[in-house]
Amino acid sequence: QMKKQCDQKLLIRVKTKCVPCSLNLNTQCPAGYTKITNGTGTPDCRYYLEIKTHTLSFPGCRHRCVKEFEQPECCQGHWGPDCMGK
């Protein structure tokens, strides 16, 4: 019995919004995503504060999140909605 369906595993990566590092400890990933950074996250971004006529930029932190996603796909040589075609 040849396998007809060869689902592809995809890893979707997202980053949370950049915020002051001290406030990033409790930042949650979007629903369904797993946080892969610890503590205050990664200090690799800048966030902005508008004060009257000026916009100030500060170094901040954000978290990285991943989600595993299975994409249905037919094995080579098969096609169609149920992968029955040859």
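The values are calculated or read from the model by the stated rules, or taken from the named source; none is laboratory data. The shown structure was predicted, so the numbers you read here are calculated from the model rather than taken from an experiment. Neighbour counts are summed over all protein chains in view; Cβ atoms, including those assigned to glycine, are modelled from backbone coordinates with ideal geometry. Side chains included, ligands, DNA and RNA excluded: accessible areas come from the protein's heavy atoms. Shrake-Rupley method; radii C 1.70, N 1.55, O 1.52, S 1.80 Å.
Looking only at Gly60, Gly32, Gly41, which one moves most when the chain is put into a Gaussian network model with springs between Cα atoms under 10 Å?
Answer for the Gaussian network model of the chain: Gly32.
What number comes out for accessible area per residue over the chain if the probe is 1.4 Å? Units Å², please.
With all protein chains present, the chain gives 78 Å² per residue.
Magnitude of the Cβ-charge dipole of the stretch 1-80, K/R +1 and D/E -1, about the Cα centre, nearest 20 debye?
120 debye
Would you be so kind as to identify which of Val19, Gly32, Cys6 lies farthest towards the positive end of the dipole of the chain, taking Lys and Arg as +1 and Asp and Glu as -1 on Cβ and the Cα centre as origin?
Val19
Can you list which of the GluC sites (Glu not before Pro) found in the chain are DSSP loop residues with at most 16 other C-beta atoms within 10 Å?
Taking the chain and a limit of 16 other Cβ atoms within 10 Å, the loop GluC sites (Glu not before Pro) found are Glu73.
Note down the relative contact order for the stretch 8-70 as a percent, whole number, built from C-alpha pairs under 8 angstrom at least six residues apart.
Over the stretch 8-70, the number comes to 49 percent.
Quick check: at a probe of 1.4 Å, how many percent of the accessible area of the chain sits on carbon and sulfur atoms?
55 percent
If you look for lysine pairs in the chain that are eight or more places apart or on different chains, how many of them have Cα atoms under 25 Å apart?
11
Please report the net charge: other residues with Cβ closer than 15 Å to the Cβ of Gln71, K and R +1, D and E -1.
Cβ neighbours under 15 Å give a net charge of -2.
Show me the trypsin sites (Lys or Arg not before Pro) within the stretch 1-79 that DSSP assigns to loop and that have at most 15 other Cβ atoms within 10 Å of their Cβ.
Qualifying residues, ordered by number: Lys3, Lys17, Lys52.
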